[in-house]
1. Would you calculate a helix-derived [θ] at 222 nm for the chain, using -39,500 (n - 2.57) for each DSSP H run of n ≥ 4 and dividing by the full residue count, to the nearest 500?
2. Test of understanding: in a Gaussian network model of the chain with alpha carbons linked when under 10 Å, which of 32, 241, 76 would top the mean-square fluctuation ranking?
3. Please report, largest first and rounded to whole Å, the three semi-axes of the ellipsoid equivalent to the range 67-264, where each semi-axis is the square root of five times an eigenvalue of the C-alpha gyration tensor.
4. Comparing 247, 187, 113, which has the greatest mean-square fluctuation in the GNM of the chain with Cα pairs linked when under 10 Å apart?
5. With springs only between Cα atoms under 10 Å apart, run a GNM on the chain and tell me which of 150, 14, 26 wobbles the most.
6. I'd like the orientation of helix 186-202 relative to the chain: the angle between its Cα long axis and the longest Cα principal axis, in ° from 0 to 90, rounded to 10.
7. Specify the longest stretch of the chain that does not include any exposed loop site, a site being one of the GluC sites (Glu not before Pro) with a non-H, G, I, E, B DSSP assignment and at most 15 other Cβ atoms within 10 Å.
8. Would you calculate the convex hull of the Cα atoms in the range 58-114 and tell me its volume per residue in Å³?
Amino acid sequence: MTKTIAHYLALCALAVVGVFPFWWTLVTALSTEGNIFAFPPTFWPKEPSFANFIEVFDTIPLWSFLRNSVFIAACTVFWKLVLCSAAAYPLARMRFKGRKLVFGLILATLVLPSEVNFLVNFITVTKLSLVDTYAGVILPNVVNAVAILLLKQAFEEIPQDLIDAARLDGASEWIIFSRIMLPLIAPWLATVGILTAVEAWNEYIWPSIVMSKPDEFPLSVGVLYLRGTFGSSTRVIAAGTVLTILPTLAAFLFTQRFFMRGMDGAVK
């Protein structure tokens, strides 16, 4: 009994630590009075109002930024699922020379910080004339080792007898991959898709490097215009931040069961 209580207390403490930054930002966005940097912090807005949110809509083209973010995130998710699953399947189910070497090189990219790739990616994007385009933002993020590793493990969990039976029935490798294997790993695909969508939605550094046209900025970059326009209005910046977070939060709440199923399979 004591151990159970201690366990739940520890979980509650972790929940408070995780939720507090978002709650403080929401309280700041709704407040119109008081010192937002006071210690101990305020846990409830003083004179709550939506005026700061209205100011965000009046100041920046929020809907345009939102549309750009949705497009970038959707394209990134689609192409990552296509390319990473196509890379993971042969690594999991085919035997060819150099397979272990290729997989080792893919895993080696995990030790590289993402910032190391910025220079190479920018040179590549420049040579391909993709600066100031959505393709320049999307392409460097459509393949990564984590997604390939997760999908490879998912393919390996499918019984070999199922694949052998399909081959005996005359199914081609493409049919086996697209009509048998992909539907069976749907929870893993959903997990990769959710993680990719959140990552693409929150990406700031790379879009701000590649893009210079304000009308093409994603929401994560465009909302920072509030800092330039309202240099001393932390409340308006907080309101813009809340509006940036809400779509991903809502999407995760609606898709968390798929995410948990995929993560459960990955742990196994």
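1. Values: 13 runs with 184 residues, N = 268.
Taken over the chain, the calculation gives -22000 deg cm²/dmol.
2. 32
3. Values: eigenvalues 267, 82, 38 Å².
Rounded to whole Å, the semi-axes are 37, 20, 14.
4. 113
5. So, out of 150, 14, 26, the one fluctuating most is 14.
6. Taking the Cα atoms of the chain, the angle to 186-202 is about 40 degrees.
7. On the way: sites that count: 33, 115, 157.
That would be 158-268.
8. On the way: hull volume 4.9 nm³, N = 57.
Spread over its residues, the Cα hull of the range 58-114 gives 85 Å³ apiece.
The values are calculated or read from the model by the stated rules, or taken from the named source; none is laboratory data. The structure presented is a predicted model; accordingly, all values stated were derived computationally and were not measured. When we count neighbours, we look across all protein chains shown, and the Cβ atoms used for this are built from the backbone with ideal geometry, even at glycine. Protein only, heavy atoms only, side chains kept; ligands, DNA and RNA dropped before computing areas. Shrake-Rupley method; radii C 1.70, N 1.55, O 1.52, S 1.80 Å.
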